[in-house]
1. What residues qualify as long-range amide H neighbours of residue 282, i.e. H under 5 Å apart, gap of 5 or more or another chain, H built at 1.01 Å from N?
2. Along each principal axis of its Cα atoms, how long is the chain end to end? Whole angstroms, biggest number first, please.
3. Between 419, 71, 465, whose Cα lies farthest towards the positive end of the dipole of the chain when Lys and Arg beta carbons carry +1 and Asp and Glu beta carbons carry -1, centred on the Cα centre?
4. Using the alpha-carbon atoms, what tilt in degrees (0 to 90, nearest 10) does helix 3-13 show relative to the longest principal axis of the chain?
5. What Kirkwood Rh does the stretch 258-362 have if only Cα atoms enter the pairwise 1/r average? Answer in Å.
6. Quick one: pull the percentage of alpha-carbon pairs in the stretch 332-405 with a separation above 19 Å.
7. From zero outward in steps of 5 Å, how is the percent of C-alpha pairs of the stretch 75-136 spread across the bins?
8. Per DSSP H run of at least 4 residues, take -39500 (n - 2.57); add these up for the chain, divide by its residues and hand me the 222 nm value, nearest 500 deg cm²/dmol.
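What follows is calculated from the coordinates using simple rules that are stated; it is not laboratory data. For clarity, every value in this text was computed on a predicted model and none was experimentally measured. All Cβ positions, even for glycine, are placed from backbone atoms using ideal geometry, and neighbour counts span all protein chains on display.
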Amino acid sequence: MNARKLAMALLLLGLGVPSCTTTPPASQVVIFVFADPGVVDRAVRLRVQVYGGDRGGASLIPSELVEQEDYDPAVRRQLALAPLGNDPERLFRVVAQGIEVVGGTETPFVSSSVVSGYIEGETRVVQLRLWDTCVGTTCDDQTLGCVDAVCVANYKPPTSLDPFEECPDGQLRCSEGCQTVDDDVANCGACGTVCAAGTRGQAVCTDGACGLVCPVGSATCDGDASDCETDVTTATDCGGCGIMCSGATPFCQDMGGGTFECTNSCGALTLCGSSCVDTQNSPLHCSDCNMPCPARNNATPNCDGGTCGFDCNDGFGDCDGDPSNGCETNVNTSALHCGACDMACPMRANATPRCTNRTCGFTCQGVFRDCDTNPTNGCETATNTTVNCGFCGNECTPSGAPPNMMPVCNNGVQCGFTCQGPYGDCDSNPANGCEANRDTDPSNCGSCGTRCGAAMCVSRLCTCPAGSLECGADPIDCCLNGTEFCNVNQGFVCQPSP
């Protein structure tokens, strides 16, 4: 189904309108679906399923499949859902799957899901990511979804969802929020498109296209922009591809500042092949001819005083102090090294620290939420109580409660009512609430349907009067001592004593 038909289908069903270009109206939730590179490479298609359900139905997990769409794994998907009948108390469930073909059969190999609802008059955002680390992880319970190889509760209270905001020009909404895709090597031109560094070059993103900046003394001359394979300090490529030094000026000299010239003598410099170099600062001839400084991950090699080193590329740091793996840490996203090495994001109560664009934040865990918007105390509020049921500020009140019932937060998601104290709903009639006092009701003594018969119900126990003998179990009969006995062979009945 194409995007136009899907939009019309969801609109007619009242569930939502996929939109990629306009800000959706209020009382909606915008779903952004992302797939990690490994999922994109493996999947023949991605599948999005939207589930709805009746408001106040028996199940709190929407289970009615409203719409399903398959699309190209490389395409970012955006859906906008609106509640049926403009009723913000409805819930929705969205499931994203990566599909592969095994033995001629289409099979999901990774999935992610979310259950949430709406806030009246507001538009919120859900990021739904298909993680590489979730491949092969199955969450059988519909209340769970896979996040970074772990099955976690997939319910997100509506108030915990970020408000919808249009990203500025040059930015796209990625899993970390609005990202500058014009010059971000981790999201170059599109979310998740990572620019790979060559063995000697620094990856760059310019106008949404990946490129490579070669270190001084190197260039890419073979037409393959993925590496800096050519030494431009030699007589065959002096300062650039194909610039020859010959005749009276057969050598290529480093003049500093990234410039090179043909010369007839190296003077105080060292002649290495056809190159005049300072072996104290040449990364290709560090301390001696033909002693190149090794390439490191996410770094540019350098030579200082005849000793090799490296400079980390922008956005990376050597945070473990191990030069063999170069600049291994992405300081744009590492919660332990946010913005710079050893700048750990602080731990908050009931939360997991996160780093986005070198700025610390946190993600609430489980049922906890940051209801007071005070970051110092983290996610201080449990949203599975009658004070905050499902989301911040959703109080379950006794207003409208049937007789002998009190408010309750069902499954930590939705307000309802439950019997209070000794009362029970033994006739299954919601109109009269919890009509039976199980402390004293001889027809429902201790529990619904437990009959006392001739006995009395006292403190939830069927009790015969003094001078009587209990006979049977349901209902209990009371045999008079001295004049009657309990005939167990006849089905627990009182009979005259012989």
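1. For residue 282, whose amide H was placed from the backbone, the distant partners under 5 Å are 287.
2. 139, 52, 50
3. 465
4. 20 degrees
5. After inverting the pairwise mean of 1/r, the radius is 16.0 Å.
6. Of all Cα-Cα pairs in the stretch 332-405, 48 percent lie more than 19 Å apart.
7. 4, 14, 22, 19, 14, 12, 8, 5, 2, 0
8. Roughly -1000 deg cm²/dmol at 222 nm, from the helical runs in the chain.
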